[in-house]
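Undergrad: One structure is given below, represented as structure tokens, and several questions about it will come after.
The values are calculated or read from the model by the stated rules, or taken from the named source; none is laboratory data. Just so you know, these numbers come straight off a predicted model, no measurement behind them. Using ideal geometry, Cβ is built from the backbone for each residue, glycine included, and neighbour counts are taken over all protein chains shown.
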Amino acid sequence: VFLKDREGVFLACNARVASVFGLPEAEVLGKCDYDLLRPELAESIRAEDRAVIQSGEPARHRDWIDFADGHRELLETVKTPMFSADGELLGVLGVARDVTALHQAQERLAEREEVYGAIVNQALDSILLFDADSGAVLEFNEAAHRNFGYGREVFDKLNLSDFGAALDQARLVRHIRQVIAQGESVFTTQYRNRSGELRDVRVSARALALRGRRCVSTVWSDITASARSQRMLELSNSTLERVARGEALSDTLLYVTTLLEEQNPDMLCSILLMDEDGMHLQTGAGPSLPDAYCEVINGARIGPAAGSCGTAAFTAKSVFVSDIEHSPLWVDYAEIALAHGLRACWSVPLLATDGRVLGTFAAYYRTPREAAEHERQQFDSISQLLSIALERHRESSRLAASVEEMRRWYAVTLGRESRVLELKDEVNALLRRLGEPPRYGSEP
């Protein structure tokens, strides 16, 4: 503790202050900082004193002080202007304490936070911290910014329910409530990033208490690639099983399109089948497309500029139209498509093993949309699956027709042979009545 006058001269100090200078208390009195400290430190401390005097308010300062015995301490000093009873400024009262250990602990903590922050921000998984009660985003790492596509100004306005895809919001909120109740949970869900793409994730969530605030820490691991592969495998297996057991083609096509729309909510699926003349497409399935639109395209002629499907069937190549309104391929059909809110259409041909076009698969979208690489790959897989299903169905139909033709031929042949035997029996009976021996013997 010390007291200085307005000019910075020590009027009083205790032994602790005197130990800084290695002097008895009495020898410190009457001296100023310039007499006792290094010039640059003395000037810094004097500037602090002047600031307190000018403001008339207490102030807190930290300075590294070299003691006379050679050790060094970080002293935190609270300086307060002192006034006489009549309001005259007397000087500055200082109360200092050693905060070296506290400072070192804070530095270690800051270093740990820096290391932790570096690890968290280098992680590939998205890490998000939510307020358990409001669902507000409290903190996120660099991967979350990159994967979700949002900056801090957007994250600060988002709620937990905003991260679930439309079909999964309720389930996501339900899982988080389970975390709050049970402490932790691991589950899979989907979210839609800023660009509108649906992503599959496995979320590991844990309940936390931070300064009395209930929070939920979540780690979002992207499993989109494996989830897409698994869904495609399951779709392929179930579709081919239906074909193998002889399910009606219309039912199989409806099953495929309905399931794809459930897995991809933005899709409006369509399957068109090539007519016998090889020049027109007939509706095979289109569960969510408007009936009026389906009526227009049913029986449409294929050609080099016949919409996405007609062109894909004509060229036997994939056609990805991202904007129907401005596509030259859609001149003849754009008006009806736009009238029903159809803005983009991606179509792939369904090819037999000999290269013949069996039909087309297409997905319509309500907004203009470019196909990403993974979506083009998905369409290739769907095309291969449907091509196999259509070809096997046609082979089964041809086989069934052949069997039916053979059955009819056999029935006719058997009927003729039976009639011949009847006629022989009638001739023999007539000869017996005439007293003649039978002409025809019995068949072995």
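Undergrad: Only residues that are at pLDDT below 90 and either in contact with a Lys or Arg (Cβ under 8 Å, 6 or more places away or on another chain) or of a type in the set (Gly, Ala, Ser) (or both): list them for region 373-396, please.
TA: If the condition is that a residue be at pLDDT below 90 and either in contact with a Lys or Arg (Cβ under 8 Å, 6 or more places away or on another chain) or of a type in the set (Gly, Ala, Ser) (or both), then His374, Ser396 are the ones that fit.
Undergrad: While we're here: Here's a check for you: in region 67-86, which residue that is in a strand (DSSP E or B) and in contact with a Gly (Cβ under 9 Å, 6 or more places away or on another chain) is surrounded by the most Cβ atoms within 10 Å (Cβ to Cβ)? Break it down into steps so the answer makes sense when it comes.
TA: Restricting attention to region 67-86, the residues satisfying the condition of being in a strand (DSSP E or B) are 72-83.
Now narrow it down to the ones that are in contact with a Gly (Cβ under 9 Å, 6 or more places away or on another chain): 77-83.
Values: Thr77: 20, Val78: 14, Lys79: 23, Thr80: 14, Pro81: 19, Met82: 18, Phe83: 12.
Only one residue fits best here, namely Lys79.
Undergrad: Okay, next question. Looking for whichever is assigned to a helix (DSSP H, G or I), free of Cβ contacts under 8 Å to residues at least 12 places away in the same chain and either among the acidic types (Asp, Glu) or under 30 Å from Asp380 (Cβ atoms) (or both) here; the options are Glu241, Glu247. Which one fits? Give the derivation first.
TA: On the way: Glu247 fails: assigned to a helix (DSSP H, G or I).
Testing whether each residue is assigned to a helix (DSSP H, G or I), free of Cβ contacts under 8 Å to residues at least 12 places away in the same chain and either among the acidic types (Asp, Glu) or under 30 Å from Asp380 (Cβ atoms) (or both) leaves just Glu241.
Undergrad: Can you tell me which residue within region 53-66, out of those that are surrounded by 12 or more Cβ atoms within 10 Å (Cβ to Cβ) and over 56 Å from the mean Cα position of the chain (by Cα), is nearest to Leu102 (Cα to Cα)?
TA: Asp66
Undergrad: Looking at region 320-336 only, could you name the residues that are of a type outside the set (Gly, Ala, Ser) and farther than 16 Å from Ala371 by Cα? Before you say what the answer is, go through the steps one by one.
TA: Within region 320-336, the subset of a type outside the set (Gly, Ala, Ser) is 320-321, 323-326, 328-333, 335-336.
Result: Glu325, His326, Pro328, Leu329, Trp330, Val331, Asp332, Tyr333, Glu335, Ile336.
Undergrad: Here's a follow-up. Could you tell me which residue of region 178-212 is farthest from His374 (Cα to Cα), considering only residues that are of a type in the set (Asp, Glu) and assigned to a strand (DSSP E or B)? Steps first, please.
TA: Narrowing region 178-212 to residues of a type in the set (Asp, Glu): 184, 197, 200.
With assigned to a strand (DSSP E or B) added as a condition, the list becomes 184, 200.
On the way: Glu184: 33, Asp200: 14 Å.
Only one residue tops the list, namely Glu184.
Undergrad: Additional query: Among residues belonging to region 2-15 that are more than 14 Å from Lys79 (Cα to Cα) and touching a residue at least 24 places away in the same chain (Cβ under 8 Å), point out the one that is nearest to the chain's Cα centre (by Cα).
TA: Glu7
Undergrad: Need pairs with beta-carbon distance below 7 Å; first residue modelled with pLDDT of 90 or more and within region 52-63, second outside any helix (DSSP H, G or I) and basic (Lys, Arg); sequence gap 6+ or separate chains.
TA: Val52/Lys79; Ile53/Arg6; Pro58/Lys79; Ala59/Lys79; His61/Lys79
Undergrad: So which of Ser347, Ser322, Ser387 is in contact with a Leu (Cβ under 7 Å, 6 or more places away or on another chain), under 26 Å from Leu259 (Cβ atoms) and of a type outside the set (A, V, I, L, M, F, W, C)? Spell out how you get there, then give the answer.
TA: Details: Ser347 fails: in contact with a Leu (Cβ under 7 Å, 6 or more places away or on another chain); Ser322 fails: in contact with a Leu (Cβ under 7 Å, 6 or more places away or on another chain).
Testing whether each residue is in contact with a Leu (Cβ under 7 Å, 6 or more places away or on another chain), under 26 Å from Leu259 (Cβ atoms) and of a type outside the set (A, V, I, L, M, F, W, C) leaves just Ser387.
Undergrad: While we're here: Among Leu240, Leu268, Leu273, which is the only one that is touching an Asp or Glu at 6+ places or on another chain (Cβ under 8 Å) and not acidic (Asp, Glu)?
TA: Values: Leu240 fails: touching an Asp or Glu at 6+ places or on another chain (Cβ under 8 Å); Leu273 fails: touching an Asp or Glu at 6+ places or on another chain (Cβ under 8 Å).
Criteria check complete, one pass: Leu268.
Undergrad: Also, I was wondering about something else. Would it be correct to say that Glu27 is part of a helix (DSSP H, G or I) and more than 26 Å from Ala101 (Cα to Cα)? Before the answer, list the steps.
TA: Numbers: part of a helix (DSSP H, G or I): yes; more than 26 Å from Ala101 (Cα to Cα): yes.
When the stated conditions are applied, Glu27 passes them.
Yes/no per residue for (1) of a type in the set (A, V, I, L, M); (2) closer than 22 Å to Arg394 by Cβ; (3) assigned to a strand (DSSP E or B):
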position: Gly310; (1), (2), (3): no, yes, no
position: Phe314; (1), (2), (3): no, yes, no
position: Glu325; (1), (2), (3): no, no, no
position: Asp332; (1), (2), (3): no, no, no
position: Trp346; (1), (2), (3): no, no, yes
position: Leu350; (1), (2), (3): yes, yes, yes
position: Asp354; (1), (2), (3): no, yes, no
position: Thr360; (1), (2), (3): no, yes, yes
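Undergrad: So, one more: Of the numbered conditions (1) assigned to a strand (DSSP E or B); (2) in contact (Cβ under 8 Å) with a residue 60 or more places away in the chain, Leu289 fails exactly one; give the number of that condition.
TA: (1)
Undergrad: Now for a separate question. For region 52-90, what are the residues that are charged (D, E, K, R) and under 24 Å from Phe21 (Cα atoms)? If you could, list the steps in order and put the result at the bottom.
TA: Just the residues of region 52-90 that are charged (D, E, K, R), to begin with: 57, 60, 62-63, 66, 69, 72-73, 76, 79, 86, 88.
Answer for region 52-90, where residues must be charged (D, E, K, R) and under 24 Å from Phe21 (Cα atoms): Arg60, Arg62, Asp63, Asp66, Asp69, Arg72, Glu73, Glu76, Lys79.
Undergrad: In addition: Scan Ala165, Ala118 and give me the residue that is part of a loop (DSSP other than H, G, I, E, B), modelled with pLDDT under 85, under 30 Å from Val179 (Cβ atoms) and not assigned by TED's automatic domain parsing to the domain that holds Ala12. Step through it out loud before you land on a result.
TA: On the way: Ala118 fails: part of a loop (DSSP other than H, G, I, E, B).
Residue meeting the stated conditions: Ala165.
Undergrad: Do we have Val256 as β-branched (Val, Ile, Thr), outside any loop (DSSP other than H, G, I, E, B) and under 13 Å from Ala362 (Cβ atoms) here? Steps first, answer last, please.
TA: On the way: β-branched (Val, Ile, Thr): yes; outside any loop (DSSP other than H, G, I, E, B): yes; under 13 Å from Ala362 (Cβ atoms): yes.
For Val256, the condition - β-branched (Val, Ile, Thr), outside any loop (DSSP other than H, G, I, E, B) and under 13 Å from Ala362 (Cβ atoms) - is met.
Undergrad: Do you know which residues across region 322-367 are within 21 Å of Pro304 (Cβ to Cβ) and either outside the structural domain of Gly307 (by TED's automatic domain parsing) or β-branched (Val, Ile, Thr) (or both)?
TA: Scanning region 322-367 gives Ile324, Val331, Ile336, Val348, Val357, Thr360.
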